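Asker: One structure, as structure tokens, below. Some questions next.
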Amino acid sequence: MYKILRKEVLSPTLKLFEIEAPKVAKKCQAGQFIILRIDEKGERIPLTIADFDREKGTITLIFAEVGKSTQQLGQMEAGNSLLDFIGPLGRPSEIEKYGRVVCIGAGVGIAPVFPITRALKEAGNEVIGIAGARTKELLFWLDEFKAQCDEFHICTDDGSLGEKGFVSDVLKKIIDEKGKIDYIIAIGPIPAMKAVCALTKPLGIKTFVSMNSIMVDGTGMCGACRVTVGNETKFTCVDGPEFDGHLVDFDEAMRRGEQFKDEEQRALAAGSCGGGCGCH
Ligand code: FES
């Protein structure tokens with residue numbers, strides 16, 4: 001059993017759990033994910049690692065309650081335990097000394113981009129961070145994120161905190177001002193990552209994105225996380241979660257997401273889910 005040591009409510013639908021999982025904490029690297037199960041009947045929930053502490057033996061997860069399983073998870077409290085906690089899974093982020101890098105976290109994507117930002121900083125890069133969300137209530141970990149950056153920007157769609165606009169708008173200003181950017185990692189909703197890549201592709205700025213949000217069972221079995229990268233079909237949970245954003249077919253990924261959304265609504269309304277529908 002894996003004990004929840006700490007729970008924090010970051011916003012009404014955004015929760016943080018710090019979980020005792022020393023073996024995972026010992027081995028994990030930035031960009032990887034875990035799969036958990038609440039109990040015997042529970043579905044597998046893949047979540048990207050937001051932070052880890054090798055000495056304490058803990059893993060920090062941040063998740064949005066977007067479906068039945070994550071809502072159930074959100075009801076758990078510190079002191080409760082999870083049945084399964086498997087990981088680390090997925091390929092770690094490519095951490096190198098690129099030079100000047102921009103790390104973009106949009107919405108709940110701020111969580112997985114945090115350890116990558118820290119690793120890029122530790123590798124000797126000049127790090128510019130951008131945190132964005134629809135509104136200020138959906139932003140979190142701003143001080144923690146900022147502490148890993150040489151320069152830090154905040155934006156919200158409604159202008160309630162930081163600059164008014166999207167993360168891609170802020171990125172455009174940074175590119176106009178700085179000229180040379182060597183590497184970008186962007187994690188967030190698919191439209192946000194698509195907008196970032198549309199901006200950087202013609203400029204030839206190497207840009208990686210994480211497709212973690214489309215994973216369902218995280219095992220390579222359900223096929224829900226298929227994504228076309230270049231001319232190849234890849235599985236996010238096995239081949240990713242990060243891919244070269246200039247090669248990802250975002251429109252196809254969005255269409256698939258829409259498909260699952262209908263099923264998710266039905267599962268929530270019925271109070272049950274047969275699995276594989278993306279309602280986690
Ligand atoms: S999440 Fe099911 S195959 Fe990748």
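Asker: Can you name every residue in the range 201-226 that is over 16 Å from the mean Cα position of the chain (by Cα) and near the ligand (Cβ under 8 Å from one of its atoms)?
Answerer: Looking only at the range 201-226, we keep the residues that are over 16 Å from the mean Cα position of the chain (by Cα), and these are 201-206, 219-224, 226.
Of everything in the range 201-226, those that are over 16 Å from the mean Cα position of the chain (by Cα) and near the ligand (Cβ under 8 Å from one of its atoms) turn out to be THR219, GLY220, MET221, CYS222, GLY223, ALA224, ARG226.
Asker: Pick out the one residue from GLY31, GLY67, GLY57 that is free of Cβ contacts under 8 Å to residues at least 40 places away in the same chain, in contact with a helix residue (DSSP H, G or I) (Cβ under 9 Å, 6 or more places away or on another chain), outside the structural domain of ASP158 (by TED's automatic domain parsing) and surrounded by 16 or more Cβ atoms within 10 Å (Cβ to Cβ). Quick ask: steps written out before the conclusion?
Answerer: Values: GLY31 fails: free of Cβ contacts under 8 Å to residues at least 40 places away in the same chain; GLY67 fails: free of Cβ contacts under 8 Å to residues at least 40 places away in the same chain.
After ruling out the rest, the residue left standing is GLY57.
Asker: Quick one: how many residues across the range 68-116 are outside any strand (DSSP E or B), of a type in the set (A, V, I, L, M, F, W, C) and within 25 Å of ASP169 (Cα to Cα)? Spell out how you get there, then give the answer.
Answerer: Our first condition is that a residue be outside any strand (DSSP E or B); within the range 68-116, this holds for 68-80, 83, 90-99, 107-116.
Next, from what is left, pick out any that are of a type in the set (A, V, I, L, M, F, W, C): 73, 76, 78, 83, 95, 108, 110-111, 113-114, 116.
Narrowing further to those that are within 25 Å of ASP169 (Cα to Cα): 108, 110-111, 113-114, 116.
Of the residues in the range 68-116, 6 are outside any strand (DSSP E or B), of a type in the set (A, V, I, L, M, F, W, C) and within 25 Å of ASP169 (Cα to Cα).
Asker: Consider the range 76-96. How many of its residues are surrounded by fewer than 19 Cβ atoms within 10 Å (Cβ to Cβ) and farther than 25 Å from ASP239 by Cβ?
Answerer: Matching residues across the range 76-96 total 7.
Asker: Give the residues of the range 117-131 that are part of a strand (DSSP E or B) and either open to solvent by less than 40 Å² (accessible area, probe 1.4 Å) or among the basic types (Lys, Arg) (or both), sorted by residue number. So that I can check it myself, show each step before the final result.
Answerer: Residues of the range 117-131 that are part of a strand (DSSP E or B), as a first pass: 126-131.
Correct list: VAL127, ILE128, GLY129, ILE130, ALA131.
Asker: Also, I was wondering about something else. Any residue at all in the range 154-171 that's open to solvent by 10 Å² or more (accessible area, probe 1.4 Å), outside any strand (DSSP E or B) and within 13 Å of the ligand (Cβ to nearest atom)?
Answerer: no
Asker: Within the bounds of the range 227-241, is there any residue that is part of a loop (DSSP other than H, G, I, E, B), of a type outside the set (Gly, Ala, Ser), without any contact (Cβ under 8 Å) to a residue 40 or more places away in the chain and within 14 Å of the ligand (Cβ to nearest atom)? Don't jump to the end; show me each part of the working.
Answerer: First pass over the range 227-241, keeping only residues part of a loop (DSSP other than H, G, I, E, B): 230-231, 240-241.
Those left that are additionally of a type outside the set (Gly, Ala, Ser): 231, 241.
Retained after the next criterion (residues that are without any contact (Cβ under 8 Å) to a residue 40 or more places away in the chain): 231.
From what is left, the residues that are within 14 Å of the ligand (Cβ to nearest atom) are none.
Scanning the range 227-241, I find no residue that is part of a loop (DSSP other than H, G, I, E, B), of a type outside the set (Gly, Ala, Ser), without any contact (Cβ under 8 Å) to a residue 40 or more places away in the chain and within 14 Å of the ligand (Cβ to nearest atom), so the answer is no.
Asker: If I go through the range 101-149 residue by residue, how many of them are closer than 16 Å to ASP182 by Cα and touching a helix residue (DSSP H, G or I) at 6+ places or on another chain (Cβ under 8 Å)?
Answerer: 10
Asker: Next question. What about ILE95, is it closer than 18 Å to PHE208 by Cβ, modelled with pLDDT of 95 or more and assigned by TED's automatic domain parsing to the domain that holds LYS206?
Answerer: Details: closer than 18 Å to PHE208 by Cβ: yes; modelled with pLDDT of 95 or more: yes; assigned by TED's automatic domain parsing to the domain that holds LYS206: no.
So ILE95 does not fit the description; no.
Asker: Output the number of the condition that ALA198 fails; it satisfies all remaining conditions of (1) in a helix (DSSP H, G or I); (2) farther than 21 Å from PRO112 by Cβ; (3) within 8 Å of the ligand (Cβ to nearest atom).
Answerer: With (1) in a helix (DSSP H, G or I); (2) farther than 21 Å from PRO112 by Cβ; (3) within 8 Å of the ligand (Cβ to nearest atom) applied to ALA198, the lone miss is (3).
The values are calculated or read from the model by the stated rules, or taken from the named source; none is laboratory data. Small disclaimer: the values here were computed from a predicted structure and weren't measured. For neighbour counting, all protein chains shown are included, and Cβ atoms are generated from backbone atoms with ideal geometry for every residue, glycine included. Calculation scope for accessible area: heavy atoms of the full protein, side chains included, ligands and nucleic acids excluded. Shrake-Rupley method; radii C 1.70, N 1.55, O 1.52, S 1.80 Å.
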